[in-house]
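Single-structure report; data block below.
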Amino acid sequence: MVKMRGDYGYLSAIDWPLLPYYGVLCLIYVLFAVTWLGISAWQWRDLLRIQFWIGGVIALGLLEKAIYYAEYTNINNRGYSIYGAVVFAELISVLKRTVSRMLVIIVSLGFGIVKPRLGQMLHRVLGVGALYFILGSVESCMRAVRPRLDASHENMLAIIPLSVVDAAICWWVFSSLVQTTRTLRLRRNIIKLSLYRHFTNTLIFAVLASVAFMIWSIKVHRLTDCLSDWKELWIDDAFWPLLFTIILFVIMILWTPTSNNQRYIFSP
């Protein structure tokens, strides 16, 4: 038996930075969870339904990061992966992304703030969420079991439908935000309008950052005959959880439970 162990463990030089990275993210999500739980418990009488959704996203994010950190630690110490651990972590990640997208759609539609209920729109939200989870699960599982930078047709067939659904969700969210902010402007509700303006700016930042990173990643890691910057490959995996964490942090600030929560509740 041949064993290849570096100075820091069995992880390859490409993957090793992900070990401390997920450790730091895990600590950040622990801080998120403790802070959100403490504030929610303090303001439990005035909690909004959207704040329960945010708590669920934080819990899923913490579970996801803990599984990834445990898996990378196990590989680094023992040299082999626990069967199914990476796939399970990917499925938790897809579930987190699905719930977060449904949350963003519901907020953009003005549920609980402009509209008292979603009505038939709720079925569309659930349908889009189910479709995204299915496509995301297929893409994530294929990515987990295949080599890094695998450009096979199967991978492309999994990525393209998921990208189309993501683009459709993005269009739906921004078109709904335009209608919601127009309604708030007509009602001259300055407090809610300010909240939605900050939320819209946050989503615009996320879209621009995503597009910029994808262009950089494709140019540096895909459109090259000789990959010289292999030490930066781990950034392809690290960028998206980091961007998600930043967006989640901003949303937590915007919807922090306070004694003035009632000012955001729908009023005819």
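Miscellaneous remarks
- Gyration tensor verdict on region 1-138 (Cα atoms; rounded if a/c is under 1.5, prolate if a/b is larger than b/c, oblate otherwise): oblate
- Taking all protein chains as they are arranged and a probe of 1.4 Å, the heavy atoms of residue 25 leave approximately 10 Å² accessible to solvent.
- Alpha-carbon centroid distance for the pair region 95-139 / region 180-224, whole angstrom: 18
- Normalised by the number of residues in region 48-197, the average gap of Cα pairs under 8 Å and 6 or more apart makes the relative contact order 24 percent.
- Accessible area (Å², 1.4 Å probe, nearest 10) - residue 246: 70
- Rel. contact order, % - alpha carbon contacts under 8 angstrom, at least six apart, region 1-137: 26
- As a fraction of the 1.4 Å probe accessible area of region 1-102, surface on carbon and sulfur atoms comes out at 69 percent.
- Accessible area per residue, Å², region 27-147 with all protein chains present, probe 1.4 Å: 52
- At the residue level, residue 123 shows approximately 120 square angstrom of accessible surface with a 1.4 angstrom probe and all protein chains present.
The values are calculated or read from the model by the stated rules, or taken from the named source; none is laboratory data. Remember, it's a predicted structure, so these values are computed and weren't measured experimentally. When the accessible area is computed, the model is the full protein with side chains, heavy atoms only, and any ligands, DNA or RNA have been set aside. Shrake-Rupley method; radii C 1.70, N 1.55, O 1.52, S 1.80 Å.
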